[in-house]
């Protein structure tokens, strides 16, 4: 069960991410707004300065024209000059060459604002000066209004950008934290015992999708390890029950004096002990094969060479059993763990050796083929398949090159009703009842074939022999 504190913690993570996004956005917005305000104010000031200079020049020109008509300030008509200044929201004072006031606007003395002095020249001769003072209305007021409007626009844009940054940050934070919340929930569910919990596909950034996929793969691996452990425990309990019961009954009979400790009785108990020892060895081999399916040291190797080495190692046993081994080995390169591939071939050859009578023949063939279409597989490559599963499975073939090893014999063959079970752990057919072994050889071989990305199939005709086919992806 997921921890009830998980949503609150995840919400806190999302809020922190959103606030982090908002903080970064606010810093960028503040910097941009500040720079915009500074440069805009400078541009407005520059524009206003040019307008003041042009107004001062116009007033000076108009005053010069008035002086030129009378050649004196006393008779000059300066009313148009004062009206020009008044219409622009400025006050003006005309002074003669000595600096004495000649004419002034009514509000000149009461508005000591921004002041601009321009010389009044007539035919290149300075005859006076024009002093222009700008009030809060007119050009000066327009400058202040423009500055205020620009600042309000910048502030509004900054506020809108901050709001959009907050909304976007919340959306992005939610998109990021949603798969994280899912992973946390599934992790806590698995920790609480729900082994079937999986993250599944998530709509998130590539790294988070990879994290979810890796988590599910890890969970699948843990499930497989747990299943292997359970299967092994069940197999051990099942297989050890009979010899332990025989040993217990035999020893109790000896202790109670029901039977005498004759050599035959002791030999029977010894045989059960040896059977237990062989069974422990077989279980160790099976456990090693299960572990190999989880971790293999793959490298490029030749299936024909591995098969030849395995056949050479069993040459003495084939000779002692009066069997002929025919080799038809062509190079077939695969990516495999040579040690475990050797184990697969050895198990197949040992199985053929056990069920082929003296004078028979075992044929070993290897090569590369192209597979396509639909393949028919007898049995299953999964030794833990439950009893009663279909004997023959059909699956879409993989178009491409494959390395194939066939081990065929001229033995007694396998009855049709037993063929679906030959890859099951500890399963022994009717013909195997008189042959030593625990029934895990083909199970180990099938498990290792599956671990290498291949499959092990079988076909047989009673009385005419059996053919085992190992198919692996070609390197």
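Throughout, read-outs are computed from the coordinates displayed, never taken from laboratory work. All figures in this text were calculated on a predicted structure; none of them were measured in a lab. So basically every Cβ, Gly included, is an ideal-geometry build from the backbone, and we count neighbours across all protein chains shown.
Here are the numbers for the structure shown:
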| read-out | value |
| --- | --- |
| The range 55-136, relative contact order [Cα under 8 Å, separation at least 6], % | 34 |
| Nearest-0.05 FRET efficiency for residue 46 and residue 166, computed from C-beta distance (R0 45 Å) | 0.80 |
| Whole-Å semi-axes of the ellipsoid equivalent to the range 62-101 (Cα gyration tensor, √5λ, descending) | 18, 12, 7 |
| Tail beyond 12 Å, pair distance distribution of the range 170-215 (Cα, percent) | 58 |
| Relative contact order, percent, the range 1-197 [alpha-carbon distance under 8 Å, six or more residues apart] | 32 |
| Translational diffusion coefficient (Stokes-Einstein; Kirkwood radius from C-alpha pairs) of the range 1-197 at 10 °C, 1.306 mPa s, in µm²/s | 72 |
